[in-house]
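Structure, as structure tokens:
The values are calculated or read from the model by the stated rules, or taken from the named source; none is laboratory data. Note that this is a predicted model, so its numbers are computed, not measured. Note: ideal-geometry Cβ built from the backbone for every residue, glycine included; neighbour counts use all protein chains shown. Surface accessibility is based on the protein's heavy atoms, side chains included, excluding ligands, DNA and RNA. Shrake-Rupley method; radii C 1.70, N 1.55, O 1.52, S 1.80 Å.
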Amino acid sequence: MLQYISYFTFLLFGVLIVFILYIAYLYLTTVIKLNKALRKSQLPAELVNFPIYISTIEECLSVKGRVNAFTEAGCNNTSFELHLTANDLNCLRNKGSIPDRQSLKRPEYYEIKQNNIIERRVVFPWTFNRHGCINETKSIKFVVVNDSITERNTTIAQHDQEIFPNKRKVINYPLIHSKLLLQIFNFFNSSGQEKQNLLNVINNIKNIEITSDEIILYI
């Protein structure tokens with residue numbers, strides 16, 4: 001009996017090793033193919049056609065100043081409104097830099113349309129499809145679910161092809177798991193008590209409104 005268990009364990013381990021090596025092979029070949037194209041200045045279509053927002057350090061500091069004022073008000077239990085346009089969201093994403101298309105491994109771009117935030121993103125490299133990348137467009141809005149504000153994230157297009165409404169993937173995230181809000185408040189570059197303070201502020205947001213040209217956070 002023990003002999004059969006040992007044999008099965010060895011076989012399972014071997015299959016796992018082969019699978020890991022196969023994934024590594026796919027990843028490396030995708031990276032090599034992408035780098036070869038970049039050396040020839042042949043950007044993949046997903047990057048060539050991807051919109052880029054060019055911001056400045058001054059603009060970024062200005063937007064961050066408003067975000068910091070909102071955070072401070074939240075920590076002090078003071079009412080405050082934070083108004084952010086699509087340009088502000090893109091500025092916070094780019095951190096005041098001028099993006100280089102050849103170095104964009106995970107570009108994102110935001111628009112505000114029909115009272116929804118439209119997020120476009122590309123992820124390079126991605127080995128599990130013929131495109132070698134993820135290229136998708138999502139619609140983001142905030143709704144109330146069980147008396148709590150929730151981010152509703154809907155994938156509406158992939159590789160520039162619209163997804164039929166009945167086949168769209170919809171995911172609801174609690175506010176403290178909203179990637180958009182965590183990005184606005186620079187959560188991923190914070191640490192320690194600062195992270196906890198930001199989560200408290202996000203959790204205490206009373207309302208989120210998306211108009212035709214901006215998102216408004218109320219605390």
Next item on the list: Considering every residue within the range 159-174, establish whether at least one is in contact with a Phe, Trp or Tyr (Cβ under 8 Å, 6 or more places away or on another chain) and open to solvent by 70 Å² or more (accessible area, probe 1.4 Å).
Entry: no
Checklist line | Qualifying positions in the range 132-157 - touching an Asp or Glu at 6+ places or on another chain (Cβ under 7 Å) and modelled with pLDDT under 90 | finding: Cys133, Asn135
Item checked: Residue tally, condition of a type in the set (Phe, Trp, Tyr) and more than 17 Å from Gly74 (Cα to Cα), over the range 150-198 -> 3
Margin query: Could you tell me how many of the residues in the range 144-158 are without any contact (Cβ under 8 Å) to a residue 12 or more places away in the chain and either under 20 Å from Ile184 (Cα atoms) or touching a strand residue (DSSP E or B) at 6+ places or on another chain (Cβ under 9 Å) (or both)?
Written below: 1
Item checked: Residues of the range 169-219 that turn out to be among the polar types (S, T, N, Q), over 18 Å from His83 (Cα atoms) and not in a helix (DSSP H, G or I), as a count -> 3
Notebook entry, point to check: Applying the selection to the range 72-89, what residues are surrounded by 21 or more Cβ atoms within 10 Å (Cβ to Cβ) and modelled with pLDDT of 95 or more?
Noted result: Leu82, Leu84, Asp88, Leu89
